[in-house]
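The values are calculated or read from the model by the stated rules, or taken from the named source; none is laboratory data. Just so it is clear, the structure is predicted and the values come from calculations on it, not from any experiment. Note that each Cβ is placed from the backbone with ideal geometry, even for glycine, and that neighbours are counted across all protein chains shown.
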Amino acid sequence: MDILHTSLDVLLPLVSIIFFFFFYPFYVLIKLVMFLYKQFLFENVAGKVVLITGASSGIGEHLAYEYAKKGAYLALVARREDRLDIVAETSRQLGSGDVIIIPGDVAEVEDCKEFIDETIRHFGKLDHLINNAGVTQTVVFEDYIHIQAANPIMDINFWGSTYITYFAIPHLRKSKGKVIVISSGAANIALPVASVYSASKAALLRFFETLRIELNPDIKITIVFPGVVATDMTTPRCIEHVSNKMCTFLYRININTNSNYMYFRALDLKNSMVQILSSRSQ
Ligand SMILES: NC(=O)c1ccc[n+]([C@@H]2O[C@H](COP(=O)([O-])OP(=O)(O)OC[C@H]3O[C@@H](n4cnc5c(N)ncnc54)[C@H](OP(=O)(O)O)[C@@H]3O)[C@@H](O)[C@H]2O)c1
């Protein structure tokens with residue numbers, strides 16, 4: 001035991017000295033490089049005007065908080081006014097200098113025009129448009145009792161994003177701004193029980209990829225494909241229900257799966273926000 005104490009008495013100070021004189025400078029250098037890299041990677045959004053659809057909960061709500069922390073001004077859109085009020089207040093507390101809420105329905109063309117007009121009336125410009133509002137239905141396609149019940153998915157997820165983008169384009173051209181579109185992993189994989197939802201997200205992908213070419217170089221477009229994020233849309237009960245239904249189909253097409261969540265990559269909400277904010281648009 002004495003030998004151990006004696007050797008530690010000698011070794012520990014020696015290791016500490018080596019660390020401070022040889023490794024610490026490298027550590028500081030690496031931190032400095034990381035800092036400069038982040039300065040390049042992250043756009044400075046302080047003072048920029050950001051309109052977020054579907055800001056009353058989930059991904060949209062947390063995007064508002066991340067932008068607020070970075071000092072952006074916010075225009076928050078969704079149908080639930082009471083929820084928007086809470087998100088707006090929290091965003092102010094987190095550092096946003098000015099937040100307005102514009103309640104309405106993205107599936108209505110007139111509402112979409114008003115979202116943009118009100119933002120311009122209040123802030124005088126628009127820098128980022130975040131098309132996030134969306135809904136899902138988990139139904140086996142042939143089980144729809146009335147096929148028209150699927151219409152809201154396209155109306156909200158696809159048309160809701162395209163209408164508002166149409167009205168935003170002249171203002172985004174002026175500001176050399178950015179459109180961020182929350183699509184879904186479902187745009188790229190066949191997702192049983194969510195055929196119409198997947199189609200709406202795939203339609204967004206093709207639409208905005210085309211728009212990226214038409215609007216280049218004035219307006220940049222970022223398309224985001226989240227995996228499963230814990231929100232109102234994906235409560236544990238909902239996930240269990242969907243994955244049970246899904247497994248029946250995976251079994252039918254002979255895909256060997258040990259896990260109900262084969263298609264899913266669990267994403268921590270905060271990390272996904274950081275990915276969205278840090279992504280450089282094309
Ligand atoms: N959660 C996931 O795992 C996941 C994965 C991939 C993609 N996504 C996509 O991420 C986006 C956000 O979803 P979320 O998970 O955050 O779900 P959420 O918490 O249910 O949020 C959906 C948001 O959309 C708004 N919204 C729905 N219909 C609207 C309409 N007609 N007009 C205006 N706003 C409307 C809702 O607000 P009101 O009800 O107040 O209108 C709510 O703020 C969606 O586009 C979704 O498809 C989610």
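Which one of ILE100, ILE86, ILE116 is hydrophobic (A, V, I, L, M, F, W, C), over 30 Å from ALA230 (Cβ atoms), modelled with pLDDT of 90 or more and in the same structural domain as ILE169 (by TED's automatic domain parsing)?
ILE116
Among the residues that make up segment 19-41, is at least one of them within 24 Å of HIS128 (Cα to Cα), hydrophobic (A, V, I, L, M, F, W, C) and touching a residue at least 40 places away in the same chain (Cβ under 8 Å)?
Within segment 19-41 (the criterion being within 24 Å of HIS128 (Cα to Cα), hydrophobic (A, V, I, L, M, F, W, C) and touching a residue at least 40 places away in the same chain (Cβ under 8 Å)), the answer is yes, since at least one residue qualifies.
Answer yes or no: is there a residue in segment 181-195 that is over 20 Å from ASN132 (Cβ atoms) and modelled with pLDDT under 75.
no
Scan segment 176-198 for residues that are under 21 Å from ILE59 (Cβ atoms) and surrounded by fewer than 17 Cβ atoms within 10 Å (Cβ to Cβ) and report the count.
So the count comes out to 2.
With the requirement that a residue be surrounded by fewer than 18 Cβ atoms within 10 Å (Cβ to Cβ), within 14 Å of the ligand (Cβ to nearest atom) and assigned to a loop (DSSP other than H, G, I, E, B), what does segment 204-232 give you?
Residues satisfying the conditions are PHE225, GLY227, ALA230, THR231.
Having 1 or more residues that are in contact (Cβ under 8 Å) with a residue 60 or more places away in the chain, within 11 Å of the ligand (Cβ to nearest atom) and not hydrophobic (A, V, I, L, M, F, W, C) is the bar; report the strands (runs of 3 or more DSSP E) wholly within segment 98-203 that clear it.
Of the strands (runs of 3 or more DSSP E) lying wholly inside segment 98-203, those with at least 1 residues that are in contact (Cβ under 8 Å) with a residue 60 or more places away in the chain, within 11 Å of the ligand (Cβ to nearest atom) and not hydrophobic (A, V, I, L, M, F, W, C) span 128-131.
Inside segment 81-97, can you point out the residues that are within 10 Å of the ligand (Cβ to nearest atom) and surrounded by fewer than 17 Cβ atoms within 10 Å (Cβ to Cβ)?
Across segment 81-97, the qualifying residues are GLU81, ASP82.
Of the numbered conditions (1) more than 16 Å from the ligand (Cβ to nearest atom); (2) closer than 16 Å to LEU129 by Cα, ALA78 fails exactly one; give the number of that condition.
Going through the list (1) more than 16 Å from the ligand (Cβ to nearest atom); (2) closer than 16 Å to LEU129 by Cα, ALA78 breaks only (1).
Can you give me the number of residues within segment 62-94 that are more than 20 Å from GLY47 (Cβ to Cβ), touching a Leu at 6+ places or on another chain (Cβ under 8 Å) and not in a helix (DSSP H, G or I)?
Adding up the residues that qualify gives 2.
Of all residues in segment 51-61, which are closer than 20 Å to ASP127 by Cβ and either away from the ligand (no atom under 14 Å from the Cβ) or touching a Leu at 6+ places or on another chain (Cβ under 6 Å) (or both)?
The answer is LEU51, ILE52, ALA55.
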